[in-house]
């Protein structure tokens with residue numbers, strides 16, 4: 001697993017052709033809301049429990 | 001012949017109709033624990049067709065019929081069938097059979113549809129219909145002449161057989177997680193090794209991927225023991241056993257998405273990013289699942 005594969009998977013999931021260019025100013029105003037963080041944590045916990053078979 | 005590599009289970013006909021036979025094999029306790037089923041060969045024996053019956057067909061050459069083998073499975077209260085093999089067989093032709101008088105129905109990969117599955121209580125392998133060959137000339141009743149030898153046949157010979165070939169995963173499987181104290185070499189047995197992916201260090205992820213900063217992905221390293229040479233020759237259907245990821249988990253990430261001049265966070269789940277388990281598997285074959293006793 002390398003950076004290219006992760007980038008490819010991310011672009012595919014988001015249906016993008018290339019990664020967006022976000023500058024530092026964009027991030028300074030960005031706050032991750034509680035419901036988004038909760039969704040992230042729930043997926044994290046679920047991925048530890050649920051496994052998928054390989055090919 | 002009940003050895004590690006070769007197990008044979010006699011079957012019995014449950015139901016026989018004009019064109020269809022239901023055949024069941026008792027699989028309980030047949031497969032050793034921690035073993036992998038790599039091939040199943042079904043042997044059906046055809047009873048000789050009386051010469052007089054063949055003559056009555058009044059056709060030149062040996063008539064052919066199509067024999068279809070299906071696997072009947074009960075799942076969630078309903079029956080599901082999977083095609084194992086379908087082929088034309090000559091009726092009364094002397095060259096129709098192998099020298100033992102059997103046809104090996106189901107090549108390795110197809111037979112492997114049942115590979116690695118736990119032998120359930122009622123999961124018979126079922127030879128299915130015997131019907132006319134659609135390519136044959138229409139006026140044929142040759143399929144009526146096909147009779148499979150059944151259990152209790154004369155001299156006890158010819159009952160259906162299911163030949164199971166297994167590998168002991170103690171020798172042929174992976175070993176779990178690698179020992180971090182021991183460097184990985186070519187001789188290392190297949191194992192799961194820690195591999196940290198640093199997302200913060202990747203230029204494309206800068207200011208885009210908000211969480212996580214990195215994650216443990218793991219990788220499968222090392223080699224797998226190959227079956228002994230005679231077995232490899234016997235099993236031409238599968239490639240060499242390789243150390244591969246057999247179970248993976250997804251990775252959730254939080255990314256920043258720019259919409260209408262504003263940036264908002266979004267959660268995305270990336271499949272198959274973290275290796276949960278490594279196994280030894282033959283190329284092109286389904287990844288085995290450990291069998292329960």
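For this structure, a couple of remarks:
- Of the residues making up segment A:4-30, those that are within 16 Å of the chain's Cα centre (by Cα), modelled with pLDDT under 85 and more than 7 Å from chain B (Cβ to nearest Cβ) number 1.
- Here residue B:213 passes the criteria (1) in contact with a strand residue (DSSP E or B) (Cβ under 6 Å, 6 or more places away or on another chain); (2) loosely packed, with under 15 Cβ neighbours inside 10 Å; (3) at pLDDT 90 or above except the one numbered (1).
- Matching residues in segment B:193-206 - criterion: being facing another protein chain (nearest Cβ under 8 Å) and in contact with a strand residue (DSSP E or B) (Cβ under 7 Å, 6 or more places away or on another chain): B:195, B:197, B:199
- Flag if residue B:169 is at pLDDT 75 or above, farther than 19 Å from residue B:242 by Cα and within 30 Å of the chain's Cα centre (by Cα): no
- Taking the listed residues B:236, B:286, B:227, the one that is over 30 Å from residue A:27 (Cβ atoms), facing chain A (nearest Cβ under 9 Å), in contact with a helix residue (DSSP H, G or I) (Cβ under 9 Å, 6 or more places away or on another chain) and modelled with pLDDT under 90 is B:286, with no other qualifying.
This table checks each residue for (1) farther than 20 Å from residue B:86 by Cβ; (2) modelled with pLDDT of 85 or more.
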residue	(1), (2)
B:126	no, no
B:143	no, no
B:154	yes, no
B:164	yes, no
B:176	yes, yes
B:186	yes, no
B:196	yes, yes
B:199	yes, yes
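Yes/no per residue for (1) in contact (Cβ under 8 Å) with a residue 40 or more places away in the chain; (2) within 19 Å of residue A:18 (Cα to Cα); (3) more than 30 Å from the chain's Cα centre (by Cα):
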{"site": "B:181", "(1), (2), (3)": "no, no, yes"}
{"site": "B:185", "(1), (2), (3)": "no, no, yes"}
{"site": "B:191", "(1), (2), (3)": "yes, no, no"}
{"site": "B:195", "(1), (2), (3)": "no, no, yes"}
{"site": "B:198", "(1), (2), (3)": "no, no, yes"}
{"site": "B:205", "(1), (2), (3)": "no, yes, yes"}
{"site": "B:212", "(1), (2), (3)": "yes, no, yes"}
{"site": "B:216", "(1), (2), (3)": "yes, no, yes"}
{"site": "B:219", "(1), (2), (3)": "yes, no, no"}
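- Flag if residue B:78 is out of contact with any strand residue (DSSP E or B) (no Cβ under 8 Å at 6 or more places or on another chain), surrounded by fewer than 18 Cβ atoms within 10 Å (Cβ to Cβ) and at pLDDT below 50: no
- Residue, surrounded by the most Cβ atoms within 10 Å (Cβ to Cβ), within segment B:258-277, restricted to residues that are more than 7 Å from every other protein chain (Cβ to nearest Cβ), in contact with a strand residue (DSSP E or B) (Cβ under 7 Å, 6 or more places away or on another chain) and more than 16 Å from residue A:8 (Cα to Cα): B:275
- Residues being more than 9 Å from chain B (Cβ to nearest Cβ) and under 15 Å from residue B:215 (Cα atoms) - total across segment A:31-51: 1
The values are calculated or read from the model by the stated rules, or taken from the named source; none is laboratory data. It should be emphasised that the depicted structure is a prediction, and the values quoted were computed from it without experimental measurement. Every residue, glycine as well, gets a Cβ built from its backbone with ideal geometry; the counts of neighbours run over all protein chains shown.
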